[in-house]
1. Does the range 128-162 hold any residues that are small (Gly, Ala, Ser), assigned to a helix (DSSP H, G or I) and over 19 Å from residue 248 (Cα atoms), and which are they?
2. Take the range 158-195 and flag every residue that is of a type outside the set (A, V, I, L, M) and closer than 20 Å to residue 258 by Cβ.
3. Can you confirm whether residue 221 is small (Gly, Ala, Ser), surrounded by fewer than 20 Cβ atoms within 10 Å (Cβ to Cβ) and in contact (Cβ under 8 Å) with a residue 24 or more places away in the chain?
4. Exactly one condition in (1) touching a Leu at 6+ places or on another chain (Cβ under 9 Å); (2) part of a helix (DSSP H, G or I) is not met by residue 166; state its number.
5. How many of the residues making up the range 191-250 are part of a loop (DSSP other than H, G, I, E, B), under 17 Å from residue 176 (Cβ atoms) and basic (Lys, Arg)?
6. Give me the residue from the range 197-214 that is closer than 20 Å to residue 264 by Cβ and in contact (Cβ under 8 Å) with a residue 40 or more places away in the chain and, out of that set, surrounded by the most Cβ atoms within 10 Å (Cβ to Cβ).
7. Looking at (1) of a type outside the set (A, V, I, L, M); (2) at positive phi; (3) free of Cβ contacts under 8 Å to residues at least 12 places away in the same chain, which one does residue 237 not meet, given that it meets all the others?
8. Inspect all residues belonging to the range 149-166 and state whether any of them is over 19 Å from the mean Cα position of the chain (by Cα), surrounded by fewer than 19 Cβ atoms within 10 Å (Cβ to Cβ) and either in the same structural domain as residue 199 (by TED's automatic domain parsing) or more than 30 Å from residue 202 (Cα to Cα) (or both).
Amino acid sequence: MDRSGEKIRELAVRGAAGAIVVAVVLGALYAGGRAWTILVSVLSILSLSEFYGMVSRKFKVSKGVGFIAAILILFTASDGIHPISFVLTLSIASFAILFLEIARREVRGESYAIWNMGGTMAGILYIVIPWTFMILLRRLPSGGILLFTMFLCTWSCDVAAYLIGSRWGRIRLCENVSPKKTWEGFIGGLSAAVLAGVSVAYILETPPLPFIYVGLICGIAGQIGDLAESVIKRETGVKDSGRIIPGHGGILDRFDSVLVSGLLVYVIFGVILR
């Protein structure tokens, strides 16, 4: 009985925290403009902090340089500056890290230039850039609907993959990366994501193909994005990226699938089909 009661409490906490996250995201997404930019920036910086916390367990990273670069990139996106500024910021930040390592080696006789630059830049490329493109995506004429569909497909995929994988999962998907994930759960999540996309198209009475694309992205790339964070956690020896969301772990744990999905949705609808 004690274990059952504890399990129920855990599910209640997880459900309540998840509902709050959904409400905050959808509220800011609906408001758009500054509200969406602020939320995305906060989520991006918090996720980056969690990433640097994990990576720093293995080697040195220049968190200060990384955070400054991240804030500059987010600011340029919010101010409507051309994305080429992202590349300039990354290049300048890379040289800043190299200059710091030159000084470190001169003073202490040791340096970590390759690891430092790699770890610091990886966080920006993996986390900040995708979130930044979701700021730009919201500004497209249909950006709000696309982002709403993306989050709906992602959450539908997560729930279906968990439920179907827990109940019927037998064949391991990536046992050495995430032992509990199965092919049955993967297919169930993919199906749920596509169904969610089609449902949005049906409600809006619009051609379903663009929404099917979003569902496929979330169902395939999104689940691979979840595995990508699992690889990082395996290599750094942590269970969760953080503890900020009760029952869910860190911000990065909650939004790992969204990073690759948001990036690809922007590429398709903001670049290829624009």
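The values are calculated or read from the model by the stated rules, or taken from the named source; none is laboratory data. These numbers come from a predicted model, not from an experiment. Every residue, glycine as well, gets a Cβ built from its backbone with ideal geometry; the counts of neighbours run over all protein chains shown.
1. The answer is 143, 144.
2. Residues satisfying the conditions are 158, 162, 165, 174, 178, 181, 185, 186, 188, 189, 191.
3. Working: small (Gly, Ala, Ser): yes; surrounded by fewer than 20 Cβ atoms within 10 Å (Cβ to Cβ): yes; in contact (Cβ under 8 Å) with a residue 24 or more places away in the chain: yes.
Judged against the criteria, residue 221 is a match.
4. Condition (1) is where residue 166 drops out.
5. Qualifying residue count, the range 191-250: 1.
6. 214
7. The one condition residue 237 does not meet is (3).
8. Yes; the residues of the range 149-166 include at least one that is over 19 Å from the mean Cα position of the chain (by Cα), surrounded by fewer than 19 Cβ atoms within 10 Å (Cβ to Cβ) and either in the same structural domain as residue 199 (by TED's automatic domain parsing) or more than 30 Å from residue 202 (Cα to Cα) (or both).
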